[in-house]
Amino acid sequence: MKIQIKDETFILHPSGAVFWESKKIIIISDVHLGKVTHFRKYGIAIPQNAISENFRKITDVLDYFEPEKIIFLGDLFHSSKNAEWDLFEKWLSNHNQETYLITGNHDIIDEKHYKSISVIVIEMLEIEGFFFTHHPTEKDNLFNFSGHIHPGIILRGLGLQSLKLRCFFQKPNQMILPAFGEFTGKFILKPKSDHHIFAIAGNEVIMINKNN
């Protein structure tokens, strides 16, 4: 789905990524690599194929949009280095995009490891009227792209049925991206009259009436 923000075109992708068309930048939040391995280590039953699914999703997005730059909006890794770091390093070696990591609360891996694989680690990035953070942040005259919250929305039917979906949550000067990674959960947000909700339903992104 294409939307306009400050006269710029952004594409909301059903993976949870956002593509900034004129700048050829892909924006991804809360992948939480390493989470599956971390949980399995402590006996929590998560399918092993969820690891490869994260990498497949990112690869599919890059193949589709062919961006020149990747901005990860924090929580790229869930915890300390584990076997998934080696997979990430190998995956990254097959891609030539300039790659940024905006540090999130889960990003505890030492910056030197990212530097060794040419990932630029910063707390915030500003580009021509837009700024990128992990935590939702307000700043005068700038539009914020952020993550952290893992936004979701509940759709209710005429009966008692309900459906929880990941969503892009847009405020007047802010877009909160859904978590990109597998097994990351959702935090249900309640939109106000000036908010816009773009729900992810299968392979589609659909705008939800804000009164739903």
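A short reminder: the numbers here are calculations on the coordinates, not readings from a lab. Note that the structure is a prediction, hence the values are computed from the model and not measured. Ideal geometry is used to build each Cβ from the backbone, glycine not excepted, and the neighbour counts take in all protein chains shown.
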Inset, instruction - Enumerate the amide H contacts of H95 below 5 Å, restricted to partners 5 or more residues apart or on another chain; note that Pro and chain-start residues carry no placed amide H. - result: none
Legend entry - Sorted largest first, extent of region 139-178 alpha carbons per principal axis (Å): 43, 18, 9
Legend entry - Partner lysines for K139 [C-alpha distance under 21 Å; skip if fewer than 8 residues away on the same chain]: K6, K171, K192
Inset, instruction - First select every other residue whose beta carbon is under 15 angstrom from the beta carbon of L177; then total the charges, Lys and Arg +1, Asp and Glu -1. - result: +2
Legend entry - Placed amide H near M175: partners under 5 Å, 5+ positions off or other chain: N144, F145, S146
Inset, instruction - Quick one: which residues, 5 or more positions from G74 or on another chain, have an amide H under 5 Å from its amide H? H modelled 1.01 Å from N in the peptide plane, none for Pro or chain starts. - result: D30, I102
